[in-house]
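Asker: Please read through the structure below; I'll follow up with questions.
Just so it is clear, none of the values below were taken in a lab; they were calculated from the coordinates. Because the structure is predicted, anything quoted here is derived from the model rather than measured. Every residue, glycine as well, gets a Cβ built from its backbone with ideal geometry; the counts of neighbours run over all protein chains shown.
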Amino acid sequence: MELLVVLLIIGILSTVALRTIDATRNRSLFDQTTAEMNKLVQAIVGNPDLAYDGRRVDFGYYGDMEQLPSEPRDLLYNTTGNAAWRGPYVKLMTAGDTVSYLYDEWGRPYTYNWGAGTIRSGGVNGLDMTVKVIDDTAQLNHNVISGSFLDSDDNPPGAASSAYEVRLHYNNPDAHGGDSVAIVNPTPGGSYEISLTPEGGNHAVPIGIKRLQATIPGEELTRYVTIAPRSHVVADFRFSKTFAGGLEMVGDPKVNPDGKGFLINVTNTRDQDDTVSSLSFLPTSAALYVKDEFYINSDHAGFPRATGKGPSDSISFTSVAIPPNGLIDVFFQGFYTSANPGGGDQSQVVTGRTFKFRFSDGSEIDVTPGP
C-alpha cells in the first residue's frame, strides 16, 4: 500500500514537472519568436534606434526599395536585380543557413501579409502572434516635405515661380510608376510642398534618406533629408542669386523695313553672369503669334523656328550666358493672328502693338515697336 502511494506521488510530481518544463519551453520559444519577428520588422523598415550625429540612418528594405517586399526572399536576395537593393537585410545565425528567418521557433513558417503589413506566427497551444511592420502602411510614403524658397535678399520667386523647381529624387523608379523624381514648383509667395495631396503635387514621400534639389537658372542647391514614418520635414532653400531678373532692354526696338518683325537690344545689369535658356510670351492686347524666325545674336544654330508661339507659350533654346553689362540682340520675324496660320492669314505689321516677354531668369521686358 505504501509503495502505491509513493508511486502515485511520483507520477503526480512527474506530470507537474513535465507540464512546467513544457510551459517554460513554450515561454522561451515565444520570447525567441517575438525577438525574431521584431528583427524581421527592422529588416523591412529599419531600426529607429540606429542613428549617427542625431539622425536616423537605418530604414531597412523599404528605405532602399520604397516598397514592401513581394516575398520574404526579397530580404535576403535581390530577386529583381534592382540597383536600389542594398541587402541582405536579415542576419542569419550560421554559415549556410538560408531559411531560418522563414520559420518561428516551433518550426512553423511565418505568414506574411504584405497588403496589411503584418507577420504572423501560429505558435503552439493557441499562442498566435502577429506583429505589424507599422501601425498604418500608408505612413511609409504619406509623409510631407515643405519649406521656403527664397533668393539672397529673402525675396520670394513672384511671377517667375513656374520657372523654378524642387526635385525629390527616388531610389527606385519602379515603385513610382517609372518616375525617378517628384517635381514641384514653388509658389509665388516662396513656399513649396511635396506630399500625396493636391497641394503637394500628389507625390509619394517614402521613408529613408532622400536627396532634395532646388534649381533656378544658373544655380542648384542640394539637401539630404531624413524621412521617418509620420513625419513632416522642413527643408528651406536660400539662393546666392536674386530672383529679380537682371535683363533690361536698351534703347528702342528696331523694326524691320517691312514692319513685320523687330530686334531689341538687351543688357545684363547684374554684377554676375546671367544665363537664359527660354523665353515666354505673356498675354497682351497684341495677341499675335510669331512663326517665321526667332534667334539671339544672329546665331540661328540652336534656336528653333518659333512654330506659332504666342500668349502663354514658351520657346526653349540653347543656353546663352550674358556677362555683366553684356549685350544680346533678340530678333523676331513673322507675326500672325493664329498659331497655325493658313493661306489666308497674312503676317501682321507689329508697329504700335505691345508685346511682353519673360526670360527664364525671371526678367520681364515690355516692347512696343515704333514706326
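Asker: Set Lys and Arg Cβ to +1 and Asp and Glu Cβ to -1, take the dipole of the chain about its Cα centre, and tell me which of THR215, GLY200, VAL166 lies farthest positive.
Answerer: After comparing all options, I get GLY200.
Asker: Could you work out the relative contact order of the stretch 141-238, using alpha carbon pairs under 8 angstrom and six or more residues apart, expressed as a whole percent?
Answerer: So the answer I get is 37 percent.
Asker: Among residues other than TYR192 whose Cβ falls under 11 Å from its Cβ, what is the net charge (Lys/Arg +1, Asp/Glu -1)?
Answerer: -3
Asker: Just name one of SER312, LEU102, PRO188: the one whose Cα is farthest towards the positive end of the charge dipole of the chain (beta-carbon charges, Lys/Arg +1, Asp/Glu -1).
Answerer: Of the listed residues, the answer is LEU102.
Asker: Taking the chain as a Gaussian network, Cα atoms linked when under 10 Å apart, which of PRO186, PRO229, PRO341 shows the biggest mean-square fluctuation?
Answerer: Looking only at PRO186, PRO229, PRO341, the biggest GNM fluctuation is shown by PRO341.
Asker: Right, here's the next one. Would you be so kind as to identify which of PHE281, THR354, GLY344 lies farthest towards the positive end of the dipole of the stretch 247-367, taking Lys and Arg as +1 and Asp and Glu as -1 on Cβ and the Cα centre as origin?
Answerer: GLY344
Asker: Using r as the Cβ-Cβ distance of GLN213 and LEU327, and R0 as 51 Å, what FRET efficiency do you calculate, to the nearest 0.05?
Answerer: 0.95
Asker: A further question on this structure: So if we plug the beta-carbon distance of HIS232 and ASN202 into 1/(1 + (r/R0)^6) with R0 = 22 Å, what FRET efficiency do we get, rounded to 0.05?
Answerer: So the FRET efficiency works out to roughly 0.85.
Asker: Now for a separate question. Contact order normalised by length for the chain, with contacts defined as Cα pairs under 8 Å and 6 or more residues apart; what percent is it?
Answerer: Contact order relative to length: 12 percent.
Asker: When the convex hull of the C-alpha atoms of the stretch 141-238 is computed, what volume per residue in Å³ does it have?
Answerer: Roughly 91 Å³ of hull volume per residue.
Asker: Counting Lys and Arg as +1 and Asp and Glu as -1, each charge on the Cβ, what is the dipole of the chain about the Cα centre in debye, to the nearest 20?
Answerer: 640 debye
Asker: When a/c reaches 1.5 or more, the comparison of a/b and b/c decides; with that in mind, is the chain rounded, prolate or oblate per its Cα gyration tensor?
Answerer: Judged from the Cα gyration tensor, the chain comes out prolate (a/c at least 1.5, a/b above b/c).
Asker: Ok, one more. Give the distance, in whole Å, between the Cα centre of the stretch 139-216 and the Cα centre of the stretch 279-332.
Answerer: Each part's Cα centre sits 29 Å from the other's.
Asker: For the chain, what does the helix formula give at 222 nm: sum of -39500 (n - 2.57) over DSSP H segments with n ≥ 4, over the residue count, nearest 500 deg cm²/dmol?
Answerer: The helix-only estimate for the chain comes to -5000 deg cm²/dmol at 222 nm.
Asker: Shifting gears a bit: What distance in nm separates the two pseudo spin-label positions at GLU248 and LEU263, each 7 Å out from Cα along the beta-carbon direction?
Answerer: My value for the distance between the label points is 2.3 nm.
Asker: Cβ under 12 Å from GLN348's Cβ, GLN348 left aside: what net charge do those residues give with Lys, Arg +1 and Asp, Glu -1?
Answerer: 0
Asker: Give me the net charge for the shell around PRO48: Cβ to Cβ below 10 angstrom, other residues only, Lys and Arg +1, Asp and Glu -1.
Answerer: -1
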